[in-house]
């Protein structure tokens, strides 16, 4: 959960401030009660990440629930927490100092729908985390495209959505008709479920998995913060239920939220947590290019008429190839004495070898790894960097 838009709308400044404070408390409690879930999710990211993330971006961080979970899982990483609320980020900084990780967690106050210039200063990143956030942005396609640009090739993005607010109460609470909480959720949760797989693919990511987390915690597993967590969550739902729940159910809910009442949430010992959250994990692929192999005197011939030839640019920005003469660039990938040039759709059978990595002369690709070069007798190769 985050504060990208939760504290905004057609309400007064004082009410918005009170709402933001309540939301911050609820998000902190979320991290405390669901600590086992955050540990499981970040553990899964650790299994998929290669290499171990050194720079992490938390989009819509709120008070830092995800930022701190990531900092615990990846103790050598630096986390950049981004949120629209300076108040939330102040809390992140305070907690980072209190937990001795102020040097590893920095904050950026920014509207994700606007410029990412300051966000980009901390990148490129190895892992991007967006929890209960993407459904708030004005243009998800643009946001995913920007996230793609901020990731190292091979880096991961993890997008999480809460399928529904947690359930806490037993079927019969002793107040009003049984099934109150089910009716409350049915009345307030009217939006269709989120689905981000297509958006991720469209942005260029390779989906790794769509992983649902079925969370079931009894009072002992949830810990001492459960009552406050349930109270805060139900109060938030109550604020949206005035026009959609009948009078009897509203009265019963008010009794449950009255901390002085014997049946109140604050006094109950039969609470639990039941909810599901879904995480989409995707990877920015390593660069894949298909290239034409030009050898010997052919390297000086014009490239007009070469099917699909588009040219490319060297790492220093100079254009290589295209419609004019081709000159072997320094450091180009090579197959024997040949220089590699970009072309699409090679059609002949090929044999493969591995060209030098960036640590060696003439290499390209990830540090310490050589890209795979596919060579064939017809002077066509495929290179995966």
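Taking the number of other C-beta atoms within 10 Å as the exposure measure, put 80, 188 in order starting with the fewest.
With the fewest neighbours first, 80, 188 line up as 188, 80.
Once R0 is set to 25 Å, what does the formula 1/(1 + (r/R0)^6) return for the Cβ-Cβ distance between residue 117 and residue 54, expressed as a FRET efficiency to the nearest 0.05?
Calculated transfer efficiency: 0.70.
What is the calculated FRET efficiency for residue 76 to residue 109, with r their C-beta to C-beta distance and R₀ = 25 Å, to the nearest 0.05?
Between residue 76 and residue 109 the formula returns 0.45.
As a footprinting exposure proxy, order 284, 267 by other Cβ within 10 Å, with the fewest listed first.
In order of increasing Cβ crowding within 10 Å: 267, 284.
Under the definition of Cα pairs under 8 Å and six or more residues apart, what whole-number percent is the relative contact order of region 13-283?
Reported as a whole number, the value is 20 percent.
Mind giving me the nanometre distance, one decimal, between the label points for residue 46 and residue 220, set 7 Å out from Cα along Cα→Cβ?
Label-label distance for residue 46 and residue 220, simple model: 2.6 nm.
Take the alpha carbon gyration tensor of region 11-157, find the square roots of its eigenvalues, order them as a ≥ b ≥ c, and report rounded if a/c is under 1.5; if not, report prolate when a/b exceeds b/c, else oblate.
oblate
Given that compact globular proteins tend to follow 2.2 N^0.38 Å, what is the ratio of the alpha-carbon Rg of region 13-283 to that value?
Taking the Cα Rg and dividing by 2.2 N^0.38 Å, one obtains 1.04.
Once R0 is set to 41 Å, what does the formula 1/(1 + (r/R0)^6) return for the Cβ-Cβ distance between residue 269 and residue 243, expressed as a FRET efficiency to the nearest 0.05?
0.80
Binning at 10 Å from 0, report for region 37-85 what percent of all alpha-carbon pair distances ends up in each bin.
Once binned at 10 Å, the Cα pair distances of region 37-85 give 28, 57, 15, 1.
Can you sort 88, 134 from fewest to most other Cβ atoms within 10 Å of each residue's own Cβ?
Least to most surrounded, the residues fall as 134, 88.
Note down the nm distance, to one decimal, between modelled labels 7 Å out along Cα→Cβ at residue 182 and at residue 197.
For residue 182 paired with residue 197, the spin-label model returns 2.9 nm.
Bear in mind that the values in this text are calculations on the coordinates, not laboratory data. Model, not experiment: these values are computed from the prediction. Don't worry about glycine lacking a Cβ; one is built from the backbone with ideal geometry, like all the others, and counts go over all protein chains shown.
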